[in-house]
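Student: Can you keep this structure in mind? I'll have questions shortly.
Where a number appears in this text, it was derived from the coordinates with a stated rule and is not lab data. Everything quoted here is computed from the prediction, not taken from an experiment. Please note: Cβ atoms are built from the backbone with ideal geometry, for glycine as well, and neighbour counts cover all protein chains shown.
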Amino acid sequence: MPIQAFKIDMEEIRKRARAHMSKGAVTSAYGEDVDRVVAVLQEVLATEIVCELRYRAHYYAATGLRGEIVKPELLEHANEERAHAERVAERIDQLGALPNFDPATLTKRSHAAFEVGADLVALLEEDLVAERVAVETYTEIVRWLGDADPTTRRLMESILAEEEHHADDLAGLLERVHELGLR
Ligand SMILES: [Fe+2]
Ligand SMILES: [Fe+2]
């Protein structure tokens, strides 16, 4: 299908931009209900914070010679989840809302659970499960956003790609730990 000529009413857009300046980045081109998007992003923020905390707990829980193999990866993941949380909070702020950092309700709002495994394998399995949960829910969010909010969709797509990378890393680590007979 040929691409239609790009036609916009510049005068009308300038008028609206000026009339609703207090809304910051949110203009009338915003297709999705902004409150609904913010509510979903708050869940993502909670998920990212819980994931950071879980990885940080696992970093210290993985001890001894066996733990040394996985420690660097766990720390790297913790820091990457922190970065995800910051990017999501930034977007919530751009959409005119206050990012929710309330620790009292964090695990209730998170998609992924905070579980510390009993041993190294159990711990890595918990991380893999949490990543697989995130991959699934973030994929749904990307689909749900569609063309309604391309900026949030791109953000979620880029975080999703990193969660897939995390899941892949964990599957690799579990394989190595199993190969070495370490439990
Ligand atoms: Fe993340
Ligand atoms: Fe992750």
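Student: Find how much the distance from Asp119 to Ile8 grows on full extension, using 0.36 nm per residue of separation minus their present alpha carbon separation; answer in nm with one decimal.
Tutor: Separation in residues times 0.36 nm, less the Cα-Cα distance, equals 34.0 nm.
Student: Which value, in debye to the nearest 20, describes the size of the charge dipole of the range 32-179 about its Cα centre when Lys and Arg Cβ atoms bear +1, Asp and Glu Cβ atoms bear -1, and nothing else is charged?
Tutor: Dipole magnitude for the range 32-179 comes out near 320 debye.
Student: Compute for the range 32-179: radius of gyration divided by Kirkwood radius, i.e. Rg/Rh, restricted to C-alpha atoms, rounded to two decimals.
Tutor: Over the Cα atoms of the range 32-179, Rg/Rh equals 1.00.
Student: If each of Glu175 and Leu65 carries a label point 7 Å out from its Cα toward its Cβ, how far apart are those two points in nm?
Tutor: Between Glu175 and Leu65, the label points sit 2.4 nm apart.
Student: About its Cα centre, how strong a charge dipole does the range 1-109 have in debye, to the nearest 20, once Lys and Arg get +1 and Asp and Glu get -1 at the Cβ?
Tutor: With only Lys, Arg, Asp and Glu charged at Cβ, the dipole is about 200 debye.
Student: Pick out, from Ala161, Phe6, His58, the residue whose Cα sits farthest towards the positive end of the charge dipole of the chain, with +1 on the Cβ of Lys and Arg and -1 on the Cβ of Asp and Glu.
Tutor: Result: Phe6.
Student: Counting other Cβ atoms within 10 Å of each Cβ, which chymotrypsin sites (Phe, Trp or Tyr not before Pro) in the range 1-108 have at most 14 and sit in a DSSP loop?
Tutor: Taking the range 1-108 and a limit of 14 other Cβ atoms within 10 Å, the loop chymotrypsin sites (Phe, Trp or Tyr not before Pro) found are Phe6, Phe101.
Student: Sort Asp149, Asp169, Asp93 by Cβ crowding within 10 Å, fewest neighbours at the top.
Tutor: Placing the least packed residue first, the sequence is Asp93, Asp169, Asp149.
Student: Run lengths n ≥ 4 of DSSP H only: what is the helix-derived mean residue ellipticity at 222 nm for the chain, with -39500 (n - 2.57) per run over all residues, to the nearest 500?
Tutor: Calculated at 222 nm, the ellipticity per residue is -24500 deg cm²/dmol.
Student: Here's something else I'd like to know. Roughly how tilted is helix 64-94, in degrees to the nearest 10 and between 0 and 90, from the longest Cα axis of the chain?
Tutor: With rounding to tens, the tilt is 10 degrees.
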